[in-house]
Amino acid sequence: MELNSQIPSGALSEKWDNHKFNSKLVNPANRRKYKIIVVGTGLAGASASATLAEQGYQVQTFCIQDSPRRAHSIAAQGGINAAKCYQTDGDSVQRLFYDTIKGGDFRSREANVYRLAQVSNSIIDQCVAQGVPFAREYGGTMANRSFGGAQVSRTFYARGQTGQQLLLGAYSALSRQIHKGQVTMYNRREMMEVVLVDGRARGIVTRNIITGEIEKYTADMVLLATGGYGNAYFLSTNAMASNVTAAWRAHKKGAGFANPSFVQIHPTCIPVHGDYQSKLTLMSESLRNDGRVWVPKKVGDKRHPNDIPDADRDYYLEKKYPSFGNLVPRDVASRNAKEQCDLGKGVGSTQLAVYLDFADAIKRDGQETIMKKYGNLFQMYEKITDSSPLKEPMMIYPAVHYTMGGLWVDYNLMTTIPGLFALGECNFSDHGANRLGASALMQGLADGYFVISTSVANYLGTNSLRAVSTSDDAFNEAEKEVEGRINKLLKNSAGGPAGKVTVDEIHKEIGKLLWDNCGMARNKEGLESALAKLPAIKEKFWNKVYIPGDTKEINQSLERAGRVADFLEFAEIMVRDALAREESCGCHLREESQTEENEAKRDDENFSHVSVWEHKGDGAEPIMHKEQLVFENVTPSQRSYK
Amino acid sequence: MSDIDLNLQIWRQKKTDSPGSFQTYALDKISTEMSFLEMLDVLNEKLTKEGLDPVAFDHDCREGICGMCGTVVNGVAHGPEKEVTLCQLHMRNFQNGDTLVIEPFRSRAFPIRKDLLVDRSAFDRIIQSGGYVSVNTGGTPDGNAIPIPAPTAELAMDAAACIGCGACVASCPNGAAMLFTSAKVSQLCLLPQGQTERHQRALNMVETMDKEGFGNCSNERECEAVCPKSISIRNIARLNREYLKAVLSEG
Ligand SMILES: Cc1cc2nc3c(=O)[nH]c(=O)nc-3n(C[C@H](O)[C@H](O)[C@H](O)COP(=O)(O)OP(=O)(O)OC[C@H]3O[C@@H](n4cnc5c(N)ncnc54)[C@H](O)[C@@H]3O)c2cc1C
């Protein structure tokens with residue numbers, strides 16, 4: 001597997017311009033001859049589909065949900081970053097670049113991150129022009145808020161629904177192109193396979209979720225914008241349909257998978273309350289501005305939190321990190337919460353929670369001020385838990401939230417399969433080992449609106465592609481593979497459910513294994529034991545899973561089974577990747593790699609690289625390749641929050 | 001926290017053109033901490049283990065924003081709690097021994113695909129006919145070039161908060177899509193960016209709405225009452241004004 005990052009020459013600030021100038025173009029009249037498949041309609045896929053269609057390409061777009069507007073991006077709350085410097089507080093492209101690369105703990109490419117910062121401002125302009133109702137100041141100018149990892153106010157927002165509004169903007173642009181006939185939209189389709197002809201991506205095979213039909217589509221190139229794989233852990237803040245299937249199918253056909261173990265665990269989520277729990281809800285981390293995190297000092301202290309006097313409380317973040325206190329970064333807050341619970345000090349019915357207490361803030365600022373800041377979050381919390389944070393402390397616990405890892409792409413966003421591109425959360429490109437708040441939305445839209453069209457023209461302009469048809473061998477083989485896999489999934493079900501397992505039971509089992517061993521803190525022993533346990537779970541799944549119903553109809557159990565089957569395979573490279581990375585960095589602590597003060601210790605000498613996994617066939621051990629990271633413009637520094 | 005026993009009557013229908021009927025299921029020991037959809041998950045897991053076909057229902061984000069979930073519970077879209085989607089409805093809203101009648105959103109324009117799962121693509125086609133500002137990517141003016149007063153932006157945001165779930169249509173005695181359509185028309189006609197195409201937009205979206213088989217508005221206000229995002233029927237008044245102005249100016 002060859003990893004050529006294709007980083008353009010020139011000074012950092014000139015690379016993108018140089019690259020655009022050196023890239024090939026496709027003449028407007030010729031663009032309609034090209035067909036492009038886009039899988040996914042989140043921020044990345046919807047914006048890419050609309051933009052490419054506007055430019056004249058014929059686009060076919062696919063999504064799982066019943067409407068492109070319902071992609072998981074819709075759930076993003078907080079905001080989107082841009083280097084507008086509307087607040088004249090010293091922001092710049094250079095600073096946004098620096099904060100993002102530092103936030104990623106120096107595990108991403110300088111050139112990619114710099115380009116992201118460069119195009120960030122155009123994203124805001126684009127969204128405003130579409131009618132996205134961003135928050136405004138009384139004078140009519142755009143309002144900003146600040147987010148973690150930055151000392152400037154550069155986050156644009158639309159109430160607590162920024163993802164929704166940005167997605168509806170991209171969806172409206174997409175809808176306009178559907179109306180014009182430039183985009184053919186395929187809702188309720190799940191991509192099951194990517195089809196290669198002459199080593200290039202030339203189409204996909206999908207399952208129609210309504211009819212169960214297996215369908216084949218051809219194109220000149222394929223773009224994947226299929227989101228993140230956080231649901232490998234079963235419980236996460238991701239939407240239920242979020243999956244690794246599209247990326248994993250591509251991986252098995254030859255696309256390198258980068259840093260699969262880089263997963264972000266968000267510290268402030270509503271804790272799990274029972275084994276029926278289906279997903280976790282994020283509470284904005286802005287709450288840590290006023291909330292104090294604590295657990296009882298004594299193990300097994302069952303008193304109501306309001307009855308526990310200060311002397312018996314352990315404000316562990318304030319004690320351990322006097323200068324940052326409750327505002328330590330996400331990974332530090334998450335890890336410490338887990339540590340307290342592992343010590344047996346967790347609270348709530350499951351003892352997997354810590355308190356986030358607003359009593360002192362309310363005493364200091366008054367209830368009204370606190371409600372103005374957090375009223376909607378308090379309400380949401382109360383709706384879910386039936387407890388008011390005004391009367392007793394909130395309970396929070398970390399949850400899987402975002403996956404920095406993803407398909408390896410070069411500067412053009414092309415995977416190691418020619419003609420197959422990856423955009424948004426499903427690629428690995430810009431966030432290194434940790435993503436800063438409000439930068440995933442930025443990256444999705446940067447990729448879709450402003451980056452991919454250059455790559456598309458350059459790819460089509462430099463390659464001459466022969467005509468393909470869905471009756472070609474490659475398509476028929478891919479179709480057979482998909483049908484074979486579905487039949488294999490269904491093979492245990494004829495005899496009824498007795499002695500079988502359900503899809504969810506296996507999903508929970510693999511999720512727990514990953515959470516326990518490949519979560520925020522990892523060690524060699526745990527990872528090795530997880531790796532040893534995986535084959536048995538996989539075997540149980542394939543030999544015992546019971547899936548009611550048929551394939552040629554709506555079958556939600558079958559849909560989930562297909563996704564879980566891929567998570568089971570994928571889990572192996574997650575664990576192997578975590579094992580191979582013997583340093584702590586970004587979101588994860590490798591327990592063997594700590595400072596004397598028990599803080600994360602990065603190891604630049606040995607691990608300043610992207611780990612890229614190559615599939616070697618079912619049952620064969622995957623191979624890891626390295627893309628060495630080169631820092632010419634920034635000097636990696638160690639973080640300290642003491 | 002406590003457990004309750006429930007009697008569920010759920011609409012089962014195999015396909016769009018097959019007949020449907022209510023089936024009764026007893027479901028015991030449901031924690032009141034569960035969300036409504038988690039209760040359905042528990043039911044489905046139970047049905048699966050009994051070798052029966054689980055109930056098909058749409059859902060995705062499970063935090064009230066994607067607009068994918070929604071059924072009618074005891075006659076009310078998204079159930080008894082105000083301003084929530086079905087995924088945010090918690091079982092503490094019900095009592096031990098309650099009977100819950102659960103059926104899909106019904107409308108001529110929303111064909112049932114299976115059980116509680118319906119096809120709302122008519123909403124997409126309404127948006128496709130004009131629910132946008134026709135700008136291409138790139139070459140747009142600076143975000144601050146046109147000031148927008150905060151109250152205007154807030155009003156546009158109130159309308160833009162629509163999640164397209166279809167509860168409004170399911171609750172309207174006429175099956176009208178006026179609240180949905182008016183929310184998009186309002187958002188764009190309130191903002192300076194939406195001015196250029198304002199007349200054509202109203203005409204096209206209303207025409208598509210009619211063509212898709214949605215009914216007329218007769219001010220029943222049921223839509224507003226069930227809307228999980230509190231979209232106001234003032235938007236409908238605004239749409240009516242927009243439409244009238246458009247008819248007068250475009251002939
Ligand atoms: C609760 C929450 C809050 C967040 N808040 C913020 C925030 O404030 N700021 C920020 O910057 N980021 C935030 N994020 C992260 C951000 O929302 C996501 O990273 C981003 O939206 C991902 O966009 P995407 O376009 O890459 O993918 P997605 O939006 O996940 O879209 C994936 C698309 O691919 C389709 N798809 C997937 N698999 C297949 C398949 N096999 N076949 C066919 N189609 C498929 C899906 O149908 C969907 O259309 C948040 C995330 C969560 C969970």
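Taking amide H as placed 1.01 Å from N in the peptide plane, A:Asp220 has its amide H under 5 Å from the amide H of A:Lys35, A:Ile36, A:Ile37, each at least 5 places away in sequence or on another chain.
Phi angles of the stretch B:16-24 translate, via the Karplus equation with coefficients 6.51, -1.76, 1.60 and θ = phi - 60°, into HN-Hα couplings of 4, 9, 9, x, x, 7, 7, 10, 9 Hz per residue; Gly and Pro are given as x. Note: the stretch B:121-250, Cα convex hull, 112 Å³ per residue. How high is the relative contact order of the stretch B:121-250? Use alpha-carbon pairs under 8 Å, at least six apart in sequence, and give a whole percent. Relative contact order here is 35 percent.
Phi-derived couplings, Karplus 6.51 cos²θ - 1.76 cosθ + 1.60 at θ = phi - 60°, listed residue by residue for the stretch A:211-226: 9, x, 5, 8, 10, 10, 9, 9, 6, 8, 7, 10, 10, 9, 9, 9 Hz, with x used for Gly and Pro. Applying the Karplus relation 6.51 cos²θ - 1.76 cosθ + 1.60 with θ = phi - 60° to the stretch A:138-146 yields 3J(HN,Hα) values of 4, x, x, 7, 6, 8, 10, 10, 9 Hz, where x marks Gly and Pro.
Across the stretch B:81-138, C-alpha contacts under 8 Å between residues 6 or more apart give a mean separation that, scaled by the residue count, equals a relative contact order of 17 percent.
Taking Lys and Arg as +1 and Asp and Glu as -1, the other residues whose beta-carbon sits under 11 Å from that of B:Ile233 total 0. Contact order, relative form, for chain A: 20 percent (alpha carbon pairs under 8 Å, 6 or more residues apart, mean separation divided by residue count).
Compactness of the stretch A:38-191, taken as the C-alpha radius of gyration over 2.2 N^0.38 Å, stands at 1.11. Calculated translational diffusion coefficient of the stretch B:22-96 (20 °C, 1.002 mPa s; Stokes-Einstein with Kirkwood radius over alpha-carbon pairs) equals 165 µm²/s. For B:Cys66, the amide hydrogen comes within under 5 Å of the amide hydrogens of B:Cys61, counting only partners 5 or more places away or on other chains and with H modelled in the peptide plane. Taking other residues whose beta carbon is less than 9 angstrom from the beta carbon of A:Ile623, and scoring Lys, Arg as +1 and Asp, Glu as -1, yields -1. How would you classify the stretch A:266-401 from its alpha-carbon gyration tensor, with a ≥ b ≥ c the square roots of the eigenvalues: rounded for a/c under 1.5, else prolate if a/b is greater than b/c, otherwise oblate? It is rounded, given that a/c, with a ≥ b ≥ c, falls under 1.5. Out of every Cα-Cα pair that the stretch B:132-193 contains, those further apart than 13 angstrom amount to 69 percent.
Measuring nothing but alpha carbons in the stretch A:481-603 and taking Rh as the Kirkwood radius, the Rg to Rh ratio lands at 1.12. Restriction of the GluC sites (Glu not before Pro) in the stretch A:533-580 to DSSP coil positions whose beta-carbon has at most 13 other beta-carbons within 10 angstrom yields no sites.
Rounded to the nearest 500, the helix-only mean residue ellipticity at 222 nm of chain B stands at -10500 deg cm²/dmol, with each DSSP H run of n ≥ 4 adding -39,500 (n - 2.57). Cross-link check: pairs A:Lys373/B:Lys229; A:Lys15/A:Lys102; A:Lys298/A:Lys383; A:Lys302/A:Lys338; A:Lys252/A:Lys538; A:Lys297/A:Lys383 evaluated at a Cα-Cα cut-off of 24 Å; pairs beyond the cut-off: A:Lys298/A:Lys383; A:Lys297/A:Lys383.
With a cut-off of 11 Å between beta carbons, the residues surrounding A:Ala457 carry a summed charge of +3, where Lys and Arg count +1 and Asp and Glu -1. Please say if the protein assembly as shown is rounded, prolate or oblate, where rounded means a/c under 1.5 for a ≥ b ≥ c the square roots of the C-alpha gyration tensor eigenvalues, and otherwise the choice is prolate for a/b larger than b/c and oblate otherwise? Rounded. Beta bridges from DSSP with both residues in chain A: antiparallel share about 70 percent, rounded to the nearest 5.
Which whole-angstrom value gives the distance between the alpha carbon centres of the stretch A:620-642 and the stretch B:186-251? Their Cα centres are 53 Å away from one another.
Seen through its C-alpha gyration tensor, with square-root eigenvalues sorted a ≥ b ≥ c, the stretch A:99-148 comes out oblate because a/c lies at 1.5 or above while a/b is not bigger than b/c.
Considering only A:Ala565, A:Ala239, A:Pro622, the residue lying farthest towards the positive end of the dipole of chain A is A:Ala239, judged by Cα position with unit charges set on Cβ. Under a 5 Å amide H cut-off, with hydrogens placed 1.01 Å from N, B:Arg12 pairs with B:Ser21, B:Phe22, B:Gln23 among residues at least 5 apart or on other chains.
We did not get these values from a lab; they are worked out from the coordinates using the rules stated. The shown structure was predicted, so the numbers you read here are calculated from the model rather than taken from an experiment. Don't worry about glycine lacking a Cβ; one is built from the backbone with ideal geometry, like all the others, and counts go over all protein chains shown.
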